[in-house]
Amino acid sequence: MTGLSIALYQPDIAGNTGTILRLAACLGLSVELIEPAGFDASDRNLRRAGMDYLEIAPLTRHLSWSHFEDWRKASGRRLVLASTRAADPYTKYTYRPDDILLFGRESAGVPETVHESADARVLIPMVEGARSINVALSAAMIAGEALRQSKWHSSIKL
């Protein structure tokens with residue numbers, strides 16, 4: 001599937017992954033799950049977290065970061081990393097309709113090698129002293145902006 005994707009790097013919490021799968025299903029996005037996950041990522045567990053939305057959310061599992069990167073590079077798609085270490089606000093970035101929005105582990109983000117692989121890094125500005133926003137909410141905010149910039153797409157009726 002081509003189009004905007006949300007990629008989850010070794011997610012820790014099944015509920016967040018299920019919420020993101022539901023978001024993706026409702027907005028016509030695909031999800032790339034980069035394993036290993038910090039929970040049993042069996043279809044049964046994801047079904048419980050994502051309810052019946054798993055039937056319509058295109059989900060691709062990647063066995064490792066290197067497998068994901070090989071696939072991404074072969075597809076020629078850009079990788080946009082959401083990071084608290086980024087300098088540029090997510091609303092100032094110009095998204096493409098086929099970007100891959102990458103979100104790190106809830107417990108640790110992404111390692112430096114993954115950070116360096118990103119074509120761009122974006123930040124959700126927060127009040128001083130706040131550490132981070134829930135990964136599912138972050139995915140919704142950034143995906144919403146990327147979709148807004150690309151004028152959504154033809155499969156969604158406005």
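Listed values, structure above:
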read-out	value
Some residue of segment 134-148 being surrounded by fewer than 18 Cβ atoms within 10 Å (Cβ to Cβ), over 14 Å from LEU4 (Cα atoms) and not polar (S, T, N, Q)	yes
Condition check for ASP70: among the acidic types (Asp, Glu) and either within 13 Å of the chain's Cα centre (by Cα) or modelled with pLDDT under 95 (or both)	no
Qualifying position, being under 15 Å from LEU33 (Cα atoms) and either touching a Phe, Trp or Tyr at 6+ places or on another chain (Cβ under 6 Å) or modelled with pLDDT of 95 or more (or both), among ALA118, ALA136	ALA136
ALA86 outside any helix (DSSP H, G or I), hydrophobic (A, V, I, L, M, F, W, C), in contact (Cβ under 8 Å) with a residue 24 or more places away in the chain and closer than 18 Å to TYR9 by Cβ	yes
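The values are calculated or read from the model by the stated rules, or taken from the named source; none is laboratory data. Because the structure is a prediction, the values reported are computed rather than measured. Note that we place each Cβ from the backbone using ideal geometry, even for glycine, and neighbour counts take in every protein chain shown.
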